[in-house]
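Here the structure comes first, spelled out in structure tokens, and everything after it is commentary.
Laboratory data are not the source of any read-out in this text; all were calculated from the coordinates shown. All values derive from a computational prediction rather than experimental measurement. Glycine gets a Cβ as well: all are built from the backbone with ideal geometry, and neighbour counts include every protein chain shown.
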Amino acid sequence: MQRIHKVLIANRGEIACRIARTCRRLGVQVATVHSTADRHARHVREIGESVELGGPAPADSYLRIDAIVAAARRVGADAVHPGYGFVSENPAFVRALDAAGLIFIGPRAETMERLGGKAQAKREAARLGVPVIAGSAGGMNDAGEVARVVREMSLPVLLKAVAGGGGRGMAVIESLEGLQGRIESAMREAEKAFGSGELIVERYLPRVRHIEVQVAGDGQGNAIHLFERECTLQRRHQKVIEEAPSAGLPARLRERLLADAVKLAAGVDYRGLGTVEFVVSGDEYFFLEVNPRLQVEHPVTEEVTGLDLVEIQLGIADAGGLPLVQGDVRCDGHAFEARLCAEDVDAGFLPTTGRLGRVDFSRAALRVESGVESGDEISPFYDSMIAKLVSHGADRDSARRALAAGLRDTTVIGLTTNLQFLHELLHWPQTVEGSFHTRLIDESVAGAVSSRRAAAGVPVEHLAAAALHWLALQRAATPDLGCWSQPEGFTGWRLGTGTITAAPQPALLLRSGDTEWAVRFAAPLADGSLELVLGDQVETASLASPPSMPRGHSLLRLAGRTVEVAILGNVAGIELASPLGRSVFTCTPYLGGAMGEAEAGGQLLAPMMGKVVAVNAVAGKAVTAGQTLIVLESMKMELHVSAPFDGVVAGIRCAVGDMVERHQLLAEVAGAAVASTD
């Protein structure tokens, strides 16, 4: 490096952290920027010098050109790296940096204007003889004009935001019914996301693959490719899993596609790193767009070429030439990348927000690019991506299996994520065979989610771990009960003679989804384990946290098997993850053994003040041990009061809607022997 001594990274999250690592390896100083929402974000912590730009919304911070230029001056930067998203494709930003005497690590403003918009890029591709999809000649801002073009074409057609990406501002038109509304909706979405509602109309190709070529140019008509990436596994036009090289492109088709990508980059005097995207249909391919920036999925290219793409960007920006020639570029093995996101797959991939209770990649033998750690927030203002997990193998199947194994060994609890879905997707037959298309997930996910729900069974190991963790929390909250009364206080078990068995009275109700399990505990055994009755399943298990284990992790021992579990929660709800998957439980305490002699005599007392919401018993009717008789609602929890033994209801002393005090008599149960003498 000669001119560039310090780089301001005008971005956030994992990409800011990733760019900083390369800069520091090359001896280049770094600083970054942040919004008020990101004051304590990981990229701020890791980079160590950051300037606050403004409020949490991107328009008030990461999109503020004036504030970024001022930040670069304030930290003494020579150059600015935009990462991806935000201002990375904004020619006005490049011109503002030029005017301030700062180096932009990316293409020229004129190049962005020629290629940044889909309509103009399509014209450039056609001019250079690169195949393009039939459709409108350019972008349109008038909804009526868009409708006219749609009616002149054979359906289905695709509406695309000229300035857009990531599936926003896109709509497939398969019928003329409601056409005007669909067009206006796409325009509004494009305007909101990209500041422009301009649309183009194209022939819709429903069964295609999405292939992109990484290119680099010196700005003087010289360009090379760094091979291609397969980005076909998408949902709603947003990439989920990427790989390099492509899965099974015919050699001749690959050669033509790579050559056309280089032709386009050279033909527009492209400077810097960029991506030329294509769709492939059968033995045909068509130009899609150019992304004049670093891509989210660039690590898979780095893994197969052994090159550092950020270093290449810096080299071109600093020296004005390509740091390598085409003959220097090799493709070795295969790589996969999965985008781990905070989103609810069962709810249509809706983003989830909140605090990440625990994030742990330590057991995943993968390259991990992440912008968050345990305790960080996923806010509603930015992308929901938690991390990119990247594998490399000698061939495609070994790389796929390595990624699947790494996902299995990844722990994220506190928020719903797509972790389990990613693991399943890697085992879909179409993924294994490479026989996918861009609509595969959208068309299959409803059925896949339904089958997953139907087949989903909570592992008994998770049930046992949740029950034992809840018991430990209860005991920790009341340390003064003493060693003899601790089990009695929460498990319903009492000292006595004969064989030690689980209490007849459930202490806890665990619920996951629509399924629930009444949990009964026995006394601790000599080795520290407990007998548990989980619904109708009897197990003996122990849960321990050796000092050498990470905080929040425990070892569950059950039936000769030991499983490491990460656990988060409290007495009202527990979430846990292990190599067996992820489970979430709500926890409702039953009336426990701490009610002492009243329960032993058949008197059922209110465990705490609350409202009676259900009476499931009738005087004179037989009941069995553990059967719920009264349900109370207290502190947003339901408390189940159950029969302590088999017998007959001698009397009900409350009604639905009653507010009852702690230890107030709710019902009485007479033992079967007593009832038979009446």
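Going by average Cβ density within 10 Å per residue, which order do the peptides 362-375, 110-123 take, highest to lowest?
110-123, 362-375
Tell me the net charge near Pro506. Cut-off is 11 Å between Cβ atoms, Pro506 excluded, with +1 for each Lys or Arg and -1 for each Asp or Glu.
Neighbour charge sum, excluding Pro506 itself: 0.
How many angstrom lie between the Cα centre of segment 545-580 and the Cα centre of segment 126-193?
Between the Cα centres of segment 545-580 and segment 126-193 lies a distance of 51 Å.
For the chain, what does -39500 (n - 2.57) per DSSP helix run (n ≥ 4), summed and divided by total residues, give at 222 nm, in deg cm²/dmol to the nearest 500?
Result for the chain, helices only: -8500 deg cm²/dmol.
Taking amide H positions as placed 1.01 Å from N in the peptide plane, with prolines and chain starts having none, which residues 5 or more places from Asn11, or on another chain, fall under 5 Å of its amide H?
Those lying under 5 Å, H to H, from Asn11 are Val33.
When the Kirkwood radius is taken over all Cα pairs of the chain, what Stokes-Einstein diffusion coefficient follows at 37 °C and 0.692 mPa s, in µm²/s?
D, rounded to a whole number, is 115 µm²/s.
Roughly what % of DSSP beta bridges within the chain run antiparallel, to the nearest 5?
Rounded to the nearest five, the antiparallel share is 90 percent.
Among Ala466, Gln326, Val276, which residue has its Cα furthest toward the positive end of the charge dipole of the chain, with +1 on Lys/Arg Cβ and -1 on Asp/Glu Cβ?
Highest projection toward the positive end goes to Gln326.
Sorted from largest down, what three extents in whole angstroms do the Cα atoms of segment 5-115 have along their principal axes?
37, 33, 24
If I fit a long axis through the Cα atoms of helix 251-267 and take the longest principal axis of the Cα atoms of the chain, what angle between them do I get, 0 to 90°, rounded to 10?
It works out to around 60 degrees.
Mind checking which of Gly348, Tyr84, Gln664 is farthest towards the positive end of the chain's charge dipole, using Cβ charges of +1 (Lys, Arg) and -1 (Asp, Glu) about the Cα centre?
Selected residue: Tyr84.
Classify segment 334-455 as rounded, prolate or oblate, taking a ≥ b ≥ c as the square roots of the eigenvalues of its Cα gyration tensor: rounded when a/c is under 1.5, otherwise prolate if a/b is larger than b/c and oblate if not.
The shape class here is oblate.
Once amide H atoms are placed 1.01 Å from N in the peptide plane, what residues at a sequence separation of 5 or more from Leu63, or on another chain, have their amide H within under 5 Å of its amide H?
none
Straight-line reach from Lys388: which lysines fall under 18 Å, measuring Cα to Cα and dropping same-chain residues less than 8 apart?
Lys388 reaches Lys239.
Note down the net charge around Ala137, summing +1 for each Lys or Arg and -1 for each Asp or Glu among other residues with Cβ under 15 Å from its Cβ.
Charge balance in the 15 Å sphere: +1.
Mind checking the dipole of the chain: about its Cα centre, +1 per Lys or Arg Cβ, -1 per Asp or Glu Cβ, Debye to the nearest 20?
It works out to roughly 900 debye.
With equal scatterers on the alpha carbons only and no solvent term, can you work out the Debye log10 of I(q)/I(0) for segment 206-296 at 0.15, 0.25 1/Å?
-0.52, -1.31
Give me the net charge for the shell around Leu532: Cβ to Cβ below 9 angstrom, other residues only, Lys and Arg +1, Asp and Glu -1.
-1
Order the peptides 335-342, 7-14, 41-48 from the highest to the lowest mean number of other Cβ atoms within 10 Å of their residues.
Output ranking for 335-342, 7-14, 41-48: 7-14, 335-342, 41-48.
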